[in-house]
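In what follows, a structure is listed as structure tokens, so that the remarks can point back to it.
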Amino acid sequence: MTSAQPDPAALLTIDVDGGTFRLRPASRADLPEILKLLADDQLGAAREDTSNLAPYERAFEAIDADPAHLLVVGELMEPGEPARPVVATFQLSFIPGLSRRGSWRSQLEAVRVSSRLRGLGIGAAMVIWAAAESRHRGCSLMQLTTDKSRKDAHRFYERLGFTASHEGMKLLL
């Protein structure tokens with residue numbers, strides 16, 4: 001009996017209740033599932049409008065073409081079954097800066113796990129992987145923003161070691 005070769009596209013593979021969770025770089029074909037995840041909460045449902053996919057497709061192409069940005073998806077693969085639809089996603093961007101002695105930082109964005117799979121450790125595994133990748137790329141810190149109304153998300157990130165050290169501000173353009 002031969003053992004299966006590891007998938008070279010997999011960034012992370014872990015066992016969770018219900019199967020094996022695999023992180024991999026997103027492909028254009030994943031875009032519809034990513035957009036469903038982004039819209040799967042109160043804030044996202046009001047922000048996302050998938051009636052016109054062109055802006056999302058342009059954004060995907062820009063992210064995919066730039067090595068300073070990673071768009072990652074996660075699949076839950078049940079034993080003996082082929083890969084399942086995308087159940088998680090995030091974007092990780094790498095930003096050079098002059099502050100902090102010219103250090104790089106990473107920006108973690110749009111972390112989403114399917115509502116039916118929350119609590120299995122998938123989100124924590126994704127953030128831990130993102131932190132390790134950020135260190136690997138020479139970043140001295142990883143930052144993120146989360147809406148003030150997302151109290152559960154705040155507790156989640158604090159459990160992973162993030163601190164609310166700054167007040168974030170945005171200007172809609």
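The values are calculated or read from the model by the stated rules, or taken from the named source; none is laboratory data. These numbers come from a predicted model, not from an experiment. As a convention, Cβ positions derive from the backbone with ideal geometry for all residues, glycine included, and neighbour counts pool all protein chains shown. Side chains are part of the model used for accessible areas, which takes the heavy atoms of the whole protein and leaves out ligands, DNA and RNA. Shrake-Rupley method; radii C 1.70, N 1.55, O 1.52, S 1.80 Å.
Being among the hydrophobic types (A, V, I, L, M, F, W, C) and either free of Cβ contacts under 8 Å to residues at least 24 places away in the same chain or open to solvent by 40 Å² or more (accessible area, probe 1.4 Å) (or both) is the filter here; which residues of the range 46-68 pass it?
Ala46, Leu53, Ala54, Ala59, Ala62, Ala65
If I go through the range 76-98 residue by residue, how many of them are of a type outside the set (Phe, Trp, Tyr) and open to solvent by less than 70 Å² (accessible area, probe 1.4 Å)?
Taking the range 76-98 and keeping what is of a type outside the set (Phe, Trp, Tyr), we get 76-89, 91-93, 95-98.
Of the ones still in play, those that are also open to solvent by less than 70 Å² (accessible area, probe 1.4 Å) are 76-77, 83, 86-89, 91-93, 95, 97.
Of the residues in that region, 12 qualify.
Just the residues that are within 18 Å of Ile95 (Cβ to Cβ), outside any strand (DSSP E or B) and either in contact with an Asp or Glu (Cβ under 6 Å, 6 or more places away or on another chain) or open to solvent by less than 100 Å² (accessible area, probe 1.4 Å) (or both), please, taken from the range 121-145. Even if it seems obvious, please write down each step before you answer.
Step one: filter the range 121-145 for residues within 18 Å of Ile95 (Cβ to Cβ), giving 127, 130-145.
Then keep just the ones that are outside any strand (DSSP E or B); that gives 127, 130-138, 145.
Scanning the range 121-145 gives Val127, Ala130, Ala131, Ala132, Glu133, Ser134, Arg137, Gly138, Thr145.
Got a sec? Which of Leu11, Leu35, Leu31, Leu71 is out of contact with any Cys (no Cβ under 8 Å at 6 or more places or on another chain), hydrophobic (A, V, I, L, M, F, W, C), surrounded by 12 or more Cβ atoms within 10 Å (Cβ to Cβ) and touching a residue at least 60 places away in the same chain (Cβ under 8 Å)? Outline the logic, then answer.
Details: Leu35 fails: touching a residue at least 60 places away in the same chain (Cβ under 8 Å); Leu31 fails: touching a residue at least 60 places away in the same chain (Cβ under 8 Å); Leu71 fails: touching a residue at least 60 places away in the same chain (Cβ under 8 Å).
Just one listed residue meets the conditions, Leu11.
What's the total number of residues in the range 99-120 that are under 15 Å from Ala131 (Cβ atoms) and either open to solvent by 40 Å² or more (accessible area, probe 1.4 Å) or part of a helix (DSSP H, G or I) (or both)?
3
Being part of a loop (DSSP other than H, G, I, E, B), under 16 Å from Glu109 (Cβ atoms) and open to solvent by less than 100 Å² (accessible area, probe 1.4 Å) is the filter here, so list the residues in the range 154-172 that pass it.
Leu160, Phe162, Gly168
Against the condition assigned to a helix (DSSP H, G or I), open to solvent by less than 70 Å² (accessible area, probe 1.4 Å) and in contact with a Lys or Arg (Cβ under 8 Å, 6 or more places away or on another chain), how does Leu43 come out, does it pass? Full working, then the answer.
Values: assigned to a helix (DSSP H, G or I): yes; open to solvent by less than 70 Å² (accessible area, probe 1.4 Å): yes; in contact with a Lys or Arg (Cβ under 8 Å, 6 or more places away or on another chain): yes.
So Leu43 passes the test.
Take the conditions more than 25 Å from Asp17 (Cα to Cα), modelled with pLDDT of 95 or more and surrounded by 11 or more Cβ atoms within 10 Å (Cβ to Cβ) and apply them to Arg150. Does it pass? Quick ask: steps written out before the conclusion?
Values: more than 25 Å from Asp17 (Cα to Cα): yes; modelled with pLDDT of 95 or more: no; surrounded by 11 or more Cβ atoms within 10 Å (Cβ to Cβ): yes.
For Arg150, the condition - more than 25 Å from Asp17 (Cα to Cα), modelled with pLDDT of 95 or more and surrounded by 11 or more Cβ atoms within 10 Å (Cβ to Cβ) - is not met.
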